[in-house]
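K.L.:
Dropping the structure in here first, questions after.
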Amino acid sequence: MRTAVVGGGVLGLTLAYRLARLGHRVEVLEAAPRLGGLACAHDYGEFTWDRFYHCILPHDENLLALLRDLGLGSELRWRTTGTGYYGRGRLHRMSSNADFLRFPLLSIVDKARLGAAILYATRVADPYKLYRVSAADWLRRICGRRTYEVFWRPLLKAKLGTYHEEVAAVFIWATLKRLFGARSGTASREKLGYVSGGYARIPARFEEALRAEGSSVHVDAAVSAVRPVALGAGRPGCEVVVRRRGLPPEPTAFDQVFFTAPPRLARQVASADLVPAVERAERLHPTSAAYLGVACLALVLRRPLTPYYVLNIGEEAVEITGLIEMTNLVDPAVETRGRTLAYLPRYLDSEDPLLEAPDAALLPSFLDRGLKRLLPGFEASDVLYQGIHRARLVQPLPLVSAAPVAAAAGKVEAAPALERPFQMLGTYMLRCATLNNNEVVGLVDEFVARNEAELRCGARQGAGVAV
């Protein structure tokens, strides 16, 4: 069975790999010059590492199983990391329970209530009910108004911007579940992991595995149209038109097409006959309506900035969402030639024109009104590389105004039933989860398990033809 997977991010590659194992002859079509999507690599001069920041948690069972399957299990490295919080002009360590008890911005009563709220949220709360209440209202209720104003509100505004009063409480619930799952031991210290060599190792291994299964991968292959077509013996299929740089449009017929990008991108290429499938995905998964984008300044430095892997920022005057110092997780001697690699993300509405602004227009926000307000002693002479990486459709947002049908009905099923010959499958279908690669792999595996019998039968059908 000839199958196209549109999109070569982690979701598309995982799907292609699973389908190839079921006998499909898969072609991955990726518009970008390289595979990986948000997990692609970047050349920083002295070394190559991830374009955006990523980490692996000890309880990321779906992702860890996939990495073992791809032969990367022995390449995993684990380290105990630190977390900080910047508030009222100071850095505060928040890496353990003892650090939390010493945190000076909250009273003992505030801390007790916050601790109880976190226990309630992660062990008792029903996440499906949290689609129908805003994160702001929920946090005010369970943590108290003062704790919300001092601690939570600045974090929500930094991460969500104009959406901070609209996003559903399930977003915070999922974040807390994931965060506290990373902590273990009596001191509740964070333990995080990474693949030696960076996330680029994963798309490269996917490509090797797909080629070994008789499938193929195409980069710089932008899909410009998808439309129904009749194949041999009248069976339904789809014609996909691909534009490659310097070449005329190339139409190819497939038995099945999987579209893994957001619905708004599907609308740009789907023919009128396929629009109902796109509309159905939007109706069942309304998180597809609102997305965060990101502009992320990556810095290579001569020396470390902080002792923390993640520094959360609780002051609106600092115009960055956080500071992620990757070399406080990875071994710099092995991975970055001894240099410090830091990311300064700024999350924005996906339609914000700042995502298209040139680097020169954005750098004052990142540096003068960002890093220098955070760390007044920062010296520009320490910078060996700086570059702003952008992605427009990063985080689908669960807004209270768009609670999914499954949440209202109390259903927990996220992965859809197979639709022929055109299937939508994307991160906007995630339920009660933050956007991370473990959840992405889990969504694919759930979809394949739900439809495995039909997918296996499909693999024994015809091979399709080029048009």
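K.L.:
Only residues in segment 150-171 that are closer than 13 Å to L348 by Cβ count as the first member; pair them with residues that are assigned to a helix (DSSP H, G or I), Cβ under 6 angstrom, at least 6 apart or cross-chain, and list the lot.
P.N.:
Within 6 Å, the pairs are H164/L156; H164/K157.
K.L.:
Out of curiosity, is I320 over 28 Å from E46 (Cα atoms), under 22 Å from the mean Cα position of the chain (by Cα), of a type outside the set (S, T, N, Q) and buried (at least 23 other Cβ atoms within 10 Å of the Cβ)?
P.N.:
Here the answer is no, as I320 does not meet what is asked.
K.L.:
Taking the stated definitions as given, is A253 within 14 Å of L35 (Cβ to Cβ), modelled with pLDDT of 95 or more and out of contact with any Cys (no Cβ under 6 Å at 6 or more places or on another chain)?
P.N.:
no
K.L.:
I'm told V318 meets every condition in (1) touching a Leu at 6+ places or on another chain (Cβ under 6 Å); (2) modelled with pLDDT of 95 or more except one. Can you identify the failing condition by its number?
P.N.:
(2)
K.L.:
Specify which of the listed residues (L114, L67, L119) is assigned to a helix (DSSP H, G or I), at pLDDT 95 or above and within 24 Å of A433 (Cα to Cα).
P.N.:
It is L67.
K.L.:
For segment 122-172: of the residues being part of a loop (DSSP other than H, G, I, E, B) and β-branched (V, I, T), which is least open to solvent (accessible area, probe 1.4 Å)?
P.N.:
For segment 122-172, the residue satisfying everything is V133.
K.L.:
I want to confirm something. Restricting to segment 289-305 and keeping residues that are open to solvent by 10 Å² or more (accessible area, probe 1.4 Å) and either farther than 15 Å from L371 by Cα or of a type in the set (A, V, I, L, M) (or both), which single residue is nearest to the chain's Cα centre (by Cα)?
P.N.:
The residue in question is A289.
K.L.:
Could you tell me how many of the residues in segment 53-64 are open to solvent by less than 20 Å² (accessible area, probe 1.4 Å) and in a loop (DSSP other than H, G, I, E, B)?
P.N.:
Total satisfying the criteria: 2.
K.L.:
Continuing with this model, one more query. Would you mention how many residues in segment 77-106 are free of Cβ contacts under 8 Å to residues at least 24 places away in the same chain and either of a type in the set (V, I, T) or loosely packed, with under 13 Cβ neighbours inside 10 Å (or both)?
P.N.:
Of the residues in that region, 4 qualify.
K.L.:
Now, a different point. When you go through (1) outside any strand (DSSP E or B); (2) touching a Ser or Thr at 6+ places or on another chain (Cβ under 9 Å); (3) closer than 30 Å to E46 by Cβ one by one for Q268, which number turns out not to apply?
P.N.:
(3)
K.L.:
Is it the case that V330 is in contact (Cβ under 8 Å) with a residue 40 or more places away in the chain, open to solvent by 30 Å² or more (accessible area, probe 1.4 Å) and either out of contact with any Lys or Arg (no Cβ under 7 Å at 6 or more places or on another chain) or farther than 28 Å from Y199 by Cα (or both)?
P.N.:
no
K.L.:
Looking at T48, T3 in this structure, which one is open to solvent by less than 10 Å² (accessible area, probe 1.4 Å), polar (S, T, N, Q) and out of contact with any Gly (no Cβ under 6 Å at 6 or more places or on another chain)?
P.N.:
Being open to solvent by less than 10 Å² (accessible area, probe 1.4 Å), polar (S, T, N, Q) and out of contact with any Gly (no Cβ under 6 Å at 6 or more places or on another chain) holds for just one of T48, T3, which is T3.
K.L.:
Another question, if that's okay. Yes or no: L11 hydrophobic (A, V, I, L, M, F, W, C), in contact with a Gly (Cβ under 6 Å, 6 or more places away or on another chain) and not in a strand (DSSP E or B)?
P.N.:
no
K.L.:
In this structure, does P248 turn out to be under 30 Å from A361 (Cβ atoms), in a loop (DSSP other than H, G, I, E, B) and free of Cβ contacts under 8 Å to residues at least 40 places away in the same chain?
P.N.:
no
K.L.:
Looking at the structure I just gave you, is P307 at pLDDT 95 or above and over 21 Å from G198 (Cβ atoms)?
P.N.:
yes
K.L.:
Further question: Going by what's in this entry, would T175 be described as surrounded by fewer than 20 Cβ atoms within 10 Å (Cβ to Cβ) and of a type in the set (V, I, T)?
P.N.:
yes
One line per residue, one yes/no per condition, for (1) in contact with a helix residue (DSSP H, G or I) (Cβ under 6 Å, 6 or more places away or on another chain); (2) part of a helix (DSSP H, G or I); (3) more than 15 Å from P304 (Cβ to Cβ); (4) of a type in the set (K, R):
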position	(1), (2), (3), (4)
V334	no, yes, yes, no
G377	no, no, no, no
H389	no, no, yes, no
S401	no, yes, yes, no
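K.L.:
Checking A230 against (1) within 27 Å of L430 (Cα to Cα); (2) open to solvent by 60 Å² or more (accessible area, probe 1.4 Å), which test does it fail?
P.N.:
Result: A230 passes all but (1).
K.L.:
Taking the options A342, A380, name whichever one is over 18 Å from G161 (Cα atoms), open to solvent by 60 Å² or more (accessible area, probe 1.4 Å) and hydrophobic (A, V, I, L, M, F, W, C).
P.N.:
A380
The values are calculated or read from the model by the stated rules, or taken from the named source; none is laboratory data. Predicted model only: the values in this text are computed from it and were never measured. Please note: Cβ atoms are built from the backbone with ideal geometry, for glycine as well, and neighbour counts cover all protein chains shown. Note: accessible area is taken over every heavy atom of the protein model, side chains too, but ligands, DNA and RNA are not part of it. Shrake-Rupley method; radii C 1.70, N 1.55, O 1.52, S 1.80 Å.
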